[in-house]
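Written below as structure tokens is the structure these notes are about.
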Amino acid sequence: MTTGITRPGTPAAPLGSDELLAQFRALGIRPKDTVLVHASLSAVGPVHGGARAVVDSLLEALGADGTLVVYTQTPDNSDPSRWPVTRGYAVPAKEWPRLRTTLPAFDPERTPSFGVGVLPEEVRTRPGALRSDHPQSSFAALGPAAARITAGHALDCHLGEDSPLARLEELDARILLLGVGYSVCTAFHLAEYRVPGQGTRLYGCAVADGPEGRRWHHYRDVDFDASAFPALGDSYASLPERPVTSGRVGAADCLLFDLAPAVAYASKWLIEHRQ
């Protein structure tokens, strides 16, 4: 008789919604919170209901007055010259002009997120969800603060002062890293905008305006570099006041912390370490 094999660190049976809710609450998710979540659901392990159950449990933990926020990036809507970075493959340079005229324009209601897992799609496609208008670096939100968070996302500002990250900072939002590390913490990119002399580069994407309903748009914005984010996050977590709460949801290691003080620390840390 075979008994099967359980991988170390993985629950022997799928988690139910009640267990998820209890674990989110034990981690520190509170009613009325506004929480930006970055997640790897594969790290959590098997869950009855999958992404739907995880989002349901998060929303229940936040309550009717809380707001759930996710990053719904679309870096695949980019200049073909950048596709080795944004898509993972290259196309011949002779094809670039044609691709710039045929790449579908970003539609906040219909364009799927790219490269951020299944949880952002679960949030983005729910009734009542709102999404910011940036064609490459949008956010989606569910809850009473969703309109304030997603409104006014400037076309030439991925993750800076005219993005949802700055609105989350104003709202004293929190960050939940669910089975992922500091390397994907988008809030640290907000700090990059506050580093004097921060480098910029040219971006390109298809946007939904112009005489034919779409046009190719170039703009200049911060040249992001997340390579130091793991060290930055570890440095922040090691402060004497221990600003980062750690725990587990399913098999996933989790980190929970306030966004505003983390960004303030990151701004100073990056200034010191990038000079």
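Structure above, values below:
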{"read-out": "Scan of region 42-75 for residues that are more than 30 Å from Leu103 (Cα to Cα), hydrophobic (A, V, I, L, M, F, W, C) and outside any helix (DSSP H, G or I), ordered by number", "value": "Val47, Ala64, Leu68"}
{"read-out": "Restricting region 169-209 to residues that are at positive phi and surrounded by fewer than 16 Cβ atoms within 10 Å (Cβ to Cβ), the residue that is farthest from the chain's Cα centre (by Cα)", "value": "Gly197"}
{"read-out": "Residues located in region 217-275, provided they are under 28 Å from Leu15 (Cα atoms), free of Cβ contacts under 8 Å to residues at least 60 places away in the same chain and part of a loop (DSSP other than H, G, I, E, B)", "value": "Val244"}
{"read-out": "Check on Leu178, out of contact with any Leu (no Cβ under 6 Å at 6 or more places or on another chain), closer than 24 Å to Gly233 by Cβ, modelled with pLDDT of 95 or more and not acidic (Asp, Glu)", "value": "yes"}
{"read-out": "Contacts under 7 angstrom Cβ, first residue in region 125-140 being farther than 10 Å from His153 by Cα and without any contact (Cβ under 8 Å) to a residue 24 or more places away in the chain, partner surrounded by fewer than 19 Cβ atoms within 10 Å (Cβ to Cβ) and small (Gly, Ala, Ser), 6 or more apart", "value": "Leu130/Ala147"}
{"read-out": "Hey, Ala53 over 14 Å from Leu178 (Cα atoms) and in contact with a strand residue (DSSP E or B) (Cβ under 8 Å, 6 or more places away or on another chain) or not", "value": "yes"}
{"read-out": "Looking only at region 192-208, and only at residues there that are in contact (Cβ under 8 Å) with a residue 12 or more places away in the chain and outside any strand (DSSP E or B), the one that is nearest to Gly160 (Cα to Cα)", "value": "Tyr193"}
{"read-out": "Members of region 217-247 that are farther than 13 Å from Leu190 by Cβ, crowded, with 16+ Cβ neighbours inside 10 Å and of a type outside the set (Ser, Thr, Tyr)", "value": "His217, Ala228, Gly233, Ala237, Val244"}
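The values are calculated or read from the model by the stated rules, or taken from the named source; none is laboratory data. It should be emphasised that the depicted structure is a prediction, and the values quoted were computed from it without experimental measurement. Every residue, glycine as well, gets a Cβ built from its backbone with ideal geometry; the counts of neighbours run over all protein chains shown.
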